[in-house]
Amino acid sequence: MVNKQALLWSLILVVLLLLIFTPLVMVAISVAMIPVVYLFVKLEPKRFVVYYVLSLLVVYALTAAFGAGILGTVAAIFSLFLLIPSIVMGVLYRKKAAARSVITGGTVAFLAQMLLFLLLLTLFGVHVTDEMRVFVRSSLDTFPAEFQQMLPANLIDQVIEMMIQLLPLYLIGLSLYYSVITHWLARKALNRNGESIPGMKPAKEWMLPRSFVWYYLIALVLSFIFTEANGSMIAMVLLNVIPLLMFAFAIQAFGFFFFVADARGWAKAVPYVIVVVSMLLMPFLPGFMQLLTLLGLFDVAFPIRGRLKKS
């Protein structure tokens with residue numbers, strides 16, 4: 001018997017994989033895990049495999065019909081790359097795991113898979129860091145000659161090396177992005193179709209463990225000892241860890257805004273406006289990110305919320 005919901009979500013998967021080759025590529029790749037997670041949760045393993053494989057075959061058949069079967073192959077490989085994180089999140093959904101556990105599981109699975117992929121590329125003679133250097137330099141070559149002459153050669157080299165050293169941060173950020181987006185939308189879809197998937201705590205209740213304060217302080221102290229000039233492994237680790245901790249405390253600051261809005265009886269839209277404005281300012285005002293980090297750190301380290309409740 002055909003499952004209409006499974007058929008619908010299989011069709012959604014087909015459409016998303018085809019949209020990869022359109023201007024909507026960023027939207028498509030951002031939500032490509034959602035249909036797979038949905039199908040895995042709602043179907044038995046054997047039926048899931050059938051619907052999933054048929055979806056990939058339909059994608060290949062449609063692209064091949066227009067003489068572009070290679071695109072169908074690329075789309076299938078991309079979907080298979082997202083399969084393991086999707087299954088991990090689906091298994092955790094079936095176990096009714098907490099939202100934090102689902103996001104963590106999806107992030108770790110996605111990150112581990114990307115690291116394995118990079119390892120395989122290296123074993124086959126493809127050096128990712130060298131390719132990054134070539135890509136950045138070729139991108140700079142597309143800029144006007146006047147602009148290129150304004151940039152000192154050593155500055156370009158420093159930027160390239162910095163980007164390479166920040167590769168772990170990019171990978172972690174990408175893994176977290178996929179997991180959060182997938183959880184946010186897949187949970188809504190599943191709950192509307194009879195499931196009971198736990199969500200994240202309300203933003204006003206977000207609170208990092210106090211140990212994060214010590215991690216951040218220790219990382220800052222070590223960053224003064226092991227500078228980038230040292231070129232050591234510890235310096236590279238700190239270069240990636242400190243931005244992650246700053247991001248965590250910035251999220252903590254957002255939770256604090258929601259707490260204050262609730263405690264003071266502000267309009268519900270106020271904390272959302274604050275968060276949106278903050279996110280728009282962060283890329284242009286580095287000092288603003290540091291301010292949010294300090295606010296989040298103080299929120300975790302000191303009983304600010306308790307005093308606000310009393311007042």
Revision key, fill the gap. The value for region 16-137 (convex hull of the alpha-carbon atoms, volume per residue, Å³) is 141 Å³
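Based on a Kirkwood Rh over C-alpha pairs, give the Stokes-Einstein translational diffusion coefficient of region 203-310 at 25 °C and viscosity 0.890 mPa s in µm²/s. Please report the intermediate quantities before stating the final value.
Details: Rh = 14.9 Å.
After rounding, the answer is 164 µm²/s.
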Point to revise | Simple spin-label estimate for Phe298 and Val276 in nanometres, 7 Å along Cα-Cβ | key: 2.7 nm
Practice item. Quick one: P(r) of region 252-311 from all Cα-Cα pairs, 5 Å bins, percents rounded to integers, in order of increasing distance. Key: 4, 18, 25, 23, 19, 8, 2, 0
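In what sequence, highest mean first, do 104-112, 67-75 appear when ranked by Cβ atoms within 10 angstrom?
Numbers: 104-112: 20.3, 67-75: 16.0.
Descending packing order for the listed peptides: 104-112, 67-75.
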Point to revise | Order of His127, His183 - criterion: other Cβ atoms within 10 Å of each residue's Cβ, fewest first | key: His127, His183
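Using 0.36 nm per residue, how much length does the chain from Phe124 to Val27 gain when fully extended, once their Cα-Cα distance is taken away? Kindly include the intermediate steps, with their values, before the conclusion.
On the way: separation 97, 0.36 × 97 = 34.92 nm, distance 3.12 nm.
Using 0.36 nm per residue and subtracting the Cα-Cα distance, I get 31.8 nm.
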Review point. What residue among Gln252, Gln113, Gln290 has the largest mean-square fluctuation in a Gaussian network model of the chain, using Cα springs under 10 Å?
Key: Gln290
Study note, to complete from the structure: Ordered by fewest other Cβ atoms within 10 Å, a rough proxy for footprinting exposure, Phe302, Phe78, Phe256 read Phe302, Phe78, Phe256
Revision key, fill the gap. Region 139-239: relative contact order from alpha carbon pairs under 8 Å, six or more residues apart, as a whole percent, is 21 percent
Review point. Can you work out D for the chain in µm² s⁻¹ from Stokes-Einstein, where Rh is the Kirkwood radius over C-alpha pairs, the temperature is 4 °C and the viscosity is 1.567 mPa s?
Key: 57 µm²/s
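Please give the FRET efficiency for Met150 paired with Arg307, using the beta carbon to beta carbon distance and R0 = 35 Å, rounded to the nearest 0.05.
Efficiency for this residue pair is about 0.10.
Which of the DSSP-defined H helices in the chain satisfy a minimum axial length of 27 Å, computed from C-alpha atoms, and a minimum mean Kyte-Doolittle hydropathy of -1.0? Before the final figure, lay out each step's value.
Numbers: long enough: 45-65 (30 Å, 1.38); 99-123 (36 Å, 1.78); 167-191 (36 Å, 0.77); 233-264 (47 Å, 1.89).
Long hydrophobic helices here: 45-65, 99-123, 167-191, 233-264.
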Check your understanding: If you bin the C-alpha pair distances of region 154-198 every 5 Å from 0, what whole percents do you get?
Key -> 5, 20, 14, 12, 11, 9, 8, 6, 6, 5, 3, 1
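Arrange the following residues from fewest to most other Cβ atoms within 10 Å of their Cβ: Tyr60, Tyr170.
Ordered by Cβ neighbours within 10 Å, fewest first: Tyr170, Tyr60.
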Study note, to complete from the structure: Contact order relative to length for the chain, counting C-alpha pairs under 8 Å separated by 6 or more residues, stands in percent at 15 percent
Check your understanding: Rounded to whole Å and sorted largest first, what semi-axes of the equivalent ellipsoid does the C-alpha gyration tensor of region 96-145 yield via the square root of 5 times each eigenvalue?
Key -> 34, 17, 5
Check your understanding: Which entries in the list Lys95/Lys309; Lys95/Lys204; Lys4/Lys96; Lys4/Lys268 go over 31 Å, if you measure between the two C-alpha atoms of each?
Key -> Lys95/Lys309; Lys4/Lys268
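Counting only C-alpha contacts under 8 Å and six or more residues apart, can you give the relative contact order of region 29-89 as a whole percent? Show your work: numbers first, answer last.
Details: 36 pairs, mean separation 26.2, N = 61.
Relative contact order comes out at 43 percent.
Given that compact globular proteins tend to follow 2.2 N^0.38 Å, what is the ratio of the alpha-carbon Rg of region 118-189 to that value?
Rg over 2.2 N^0.38 Å, computed on Cα atoms: 1.54.
With +1 on each Lys and Arg Cβ and -1 on each Asp and Glu Cβ, how big is the dipole of the chain about its Cα centre, in debye rounded to the nearest 20? Can you show the working numbers first?
Values: 22 positive and 12 negative charges, 383 e Å.
For this selection, approximately 1840 debye.
FYI, it's all coordinate maths here, none of it is from the lab. Because the structure is predicted, anything quoted here is derived from the model rather than measured. Glycine also receives a Cβ, built like all others from the backbone with ideal geometry; neighbour counts cover every protein chain displayed.
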